[in-house]
Amino acid sequence: MTTALKLDRLSKSFPVGKRLFGAPKGVVHAVHPVSLEVQKGETLGIVGESGCGKSTLARLLVGLLAPTTGAIEIQGEPLDNADPALFGRRIQYVFQDPVSSLNPRKTIRQVMEAPLIHLHGMDRAARAARISEIFATVSLREEFLDRYPHEFSGGQAQRIGIARALAAEAEILILDEPVSALDVSVQAQVLNLLADLKTRLGLTYLFISHDLAVVEAVSDRIAVLYFGSVVELGRAEDVFRKPRHPYTRLLADSAPVVGRPLTAPEGRETELPDPLNPPKGCAFRARCPNAIERCGLEVPALSGDASQQAACFNPLA
């Protein structure tokens, strides 16, 4: 298979309490060095609780944030110092809130024309033809083009957001909570649309969400993030049915299920560690019922066979 996207020890840190002169008071490591490969036509789901670094990673991938270390490659070509236009032609972002991600002062036609002008230099006739083609692909009527974003429902606005990403002719889409702001019935429509587009256009997806059921349903593989690090990586059918990392089990057990009473997750702590004062060793140790002495001394690396890996010294059987 062809590798569509490769991350080589990609990380992001933010200075905190920056002074006018001198060093900042501290540094928050939002994303620890991540190395991943995503194959062409694959959907990689990325899950984790709020604050684990999912959205920061997504913004790194599309060039909205500059990485602190590491590199990004798309089909073998490095994008670390690439022209922003090259980023846009290769990889695009679909935002969580479909309405607020669209410029309220511009018509949908102007929104759609922007990538065609700035990334592809199309003339007016070529732009009109391309927009007509894209709108047909995502089942939107062309009469919508002269309206403004506030005139659309959430589902319609998300289809427009997807259409805008397709206008750039990118082969990789970063889907950051793309259905979390939508009603359940509309979620199904958008997910079906994304599945159809993936098949027809040969797209590659990174699907970021906190909804484990949705991620499991749409993903080929799943990466579980905790405190900025990938702690488990494996096939979607395995990760939540036979988790190897205790954090993955905690996520699966905490997810609401119809007919099952809500219960607090097991563990000694329920909060993420302090990012300004990270613990030594495994960041999950204070919350883990299976922690051993080694967990407080070393940071575990991903290990296991190719189908399922976990960053744990005492993985689940």
(request) Of all residues in segment 93-118, count the ones that are open to solvent by less than 40 Å² (accessible area, probe 1.4 Å) and within 23 Å of Ile208 (Cβ to Cβ). (result) 7
(message) Cβ contacts < 9 Å: first residue farther than 14 Å from Ile46 by Cα, restricted to segment 232-251; second residue among the polar types (S, T, N, Q) and open to solvent by 30 Å² or more (accessible area, probe 1.4 Å), any location; separation 6+ or different chain. Result?
(response) Asp238/Ser307; Arg244/Gln309; Pro246/Asn290; Pro246/Asn314
(request) Using the structure shown, decide if Val299 is assigned to a strand (DSSP E or B), of a type in the set (Val, Ile, Thr), under 30 Å from Ile74 (Cβ atoms) and modelled with pLDDT of 95 or more. (result) no
(request) Quick one: count up the residues across segment 227-250 that are modelled with pLDDT of 90 or more, within 22 Å of Ala306 (Cα to Cα) and crowded, with 19+ Cβ neighbours inside 10 Å. (result) 15
(request) For Thr204, work out the one condition from (1) under 19 Å from Gly51 (Cβ atoms); (2) open to solvent by less than 10 Å² (accessible area, probe 1.4 Å); (3) polar (S, T, N, Q) it doesn't fulfil. (result) (1)
(request) Could you list all residues from segment 175-189 that are assigned to a helix (DSSP H, G or I) and modelled with pLDDT under 90? (result) Val184, Ser185
(request) Those residues that are in a loop (DSSP other than H, G, I, E, B) and open to solvent by less than 10 Å² (accessible area, probe 1.4 Å), I need them from segment 138-169; list them, please. (result) Val138, Ala168
(message) Of all residues being exposed (fewer than 11 other Cβ atoms within 10 Å of the Cβ) and under 26 Å from Pro15 (Cβ atoms) in segment 260-287, which is modelled with the lowest pLDDT? Just the residue, please.
(response) Glu271
(request) Could you please give the count of residues in segment 31-48 that are closer than 20 Å to Val231 by Cα and open to solvent by 50 Å² or more (accessible area, probe 1.4 Å)? (result) 4
(message) Condition first: under 25 Å from the mean Cα position of the chain (by Cα), at negative phi and open to solvent by 40 Å² or more (accessible area, probe 1.4 Å). Can you find one or more residues in segment 126-137 that meet it?
(response) no
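The values are calculated or read from the model by the stated rules, or taken from the named source; none is laboratory data. Note that the structure is predicted; figures quoted are calculated from it, not measured. All Cβ positions, even for glycine, are placed from backbone atoms using ideal geometry, and neighbour counts span all protein chains on display. Accessible surface areas use protein heavy atoms only, side chains included; no ligands, DNA or RNA. Shrake-Rupley method; radii C 1.70, N 1.55, O 1.52, S 1.80 Å.
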